[in-house]
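Below you'll find the structure, written out as structure tokens, and then a few comments.
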Amino acid sequence: MPISDLVLEKIEEYSIFVDWNMAFAGKSMGNRHLFRVNKIAMHLHDQEGGDIDVVLAGAWLHDVGLVEGNEGHCFKGMRIARELLEKLGVDEGTITKVLHCIEAHDGEVEATTVEAKIVHDADTIDKMGPLGAIRHAWKMANIAEKRYTALDLLEMLPDHLAERQAKLYFESSRKLVDKYHRAMREFFVNREMARKVIHRVIDMARDGVPSDVIINKLLADESLPVEFLEALEEQSTISLLQELG
Ligand SMILES: [Fe+2]
Ligand SMILES: [Fe+2]
């Protein structure tokens, strides 16, 4: 059978459970990434079309492979999602489409369907701008074997963010991230301030503070550039998308 509302609810429940309790050894409790990716995916679906059930199932499940670690999580996720979708009675044609969204979400595999392109772009948008910079620093502090310093990460971030942007499939995605880009340029101008912010993020991440808690702490810091704070707030609450409808 195709994906019913009830099946979608179970997919959502399972994906959040895995993300909060099992991914990153339980350090990402309360992580809002999946919720944001879903909202962005819905917005992109309004612009680009495709099968909404496949888009949403793909958006919820795209990171399910993180339960077995970050390395190769797209491919591990395909196996885990297949087991779940088969158990839920989803038909083979739909399973194939959802698995392609998972497989292609990181850009390692080229997305060939509109649904997979949407999931890829939605995930990528959440990895860009101020939010992406903070989440990347958090992730590196939690999973990288090397103990990166704030300066190391600051060196890497501009290229990392630019690489991400170059991979976006849709013009509507690029439009969404324009403001985030301006905010990042502003952020990188004051190197000492940028280093301090990244240093704080690394410290908190190593103390086991979830990325969304760190984001809320930074949002309360009025010494940070206004453009950076505005973009971070917009990204973390998806308020821009709500305004766009
Ligand atoms: Fe991922
Ligand atoms: Fe993701």
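The values are calculated or read from the model by the stated rules, or taken from the named source; none is laboratory data. Keep in mind it's a predicted model, so treat the numbers as computed, not measured. Because the Cβ atoms are built from the backbone with ideal geometry, glycine has one as well, and the counts that use them run over all protein chains shown.
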Could we say that Ala133 is outside the structural domain of Ser28 (by TED's automatic domain parsing) and in contact with a Lys or Arg (Cβ under 6 Å, 6 or more places away or on another chain) here? no
In the range 34-49, anything more than 16 Å from ligand 1 (Cβ to nearest atom) and either surrounded by 20 or more Cβ atoms within 10 Å (Cβ to Cβ) or not assigned by TED's automatic domain parsing to the domain that holds Ala81 (or both) is listed as His43, Leu44, His45
TODO: Kindly indicate whether any position in the range 2-18 is at pLDDT below 95, of a type in the set (A, V, I, L, M), in a loop (DSSP other than H, G, I, E, B) and buried (at least 18 other Cβ atoms within 10 Å of the Cβ).
DONE: yes
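For the subset of the range 118-130 comprising residues that are farther than 17 Å from Asp159 by Cα and either touching a helix residue (DSSP H, G or I) at 6+ places or on another chain (Cβ under 6 Å) or in the same structural domain as Ile198 (by TED's automatic domain parsing) (or both), which member is surrounded by the fewest Cβ atoms within 10 Å (Cβ to Cβ)?
Asp123
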Among His136, His105, the single one that is in a helix (DSSP H, G or I) and under 13 Å from the mean Cα position of the chain (by Cα) is His136
Item to complete: Please tell me if Ser4 is among the polar types (S, T, N, Q) and more than 14 Å from ligand 1 (Cβ to nearest atom).
Response: yes
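Each row is one residue, and each column tells you yes or no for (1) touching a residue at least 12 places away in the same chain (Cβ under 8 Å); (2) among the basic types (Lys, Arg); (3) within 16 Å of ligand 1 (Cβ to nearest atom).
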site	(1), (2), (3)
Ile125	yes, no, yes
Ala133	yes, no, no
Trp138	yes, no, yes
Ala141	yes, no, no
Leu151	yes, no, no
Glu155	no, no, no
Pro158	yes, no, no
Arg164	yes, yes, yes
Lys167	yes, yes, yes
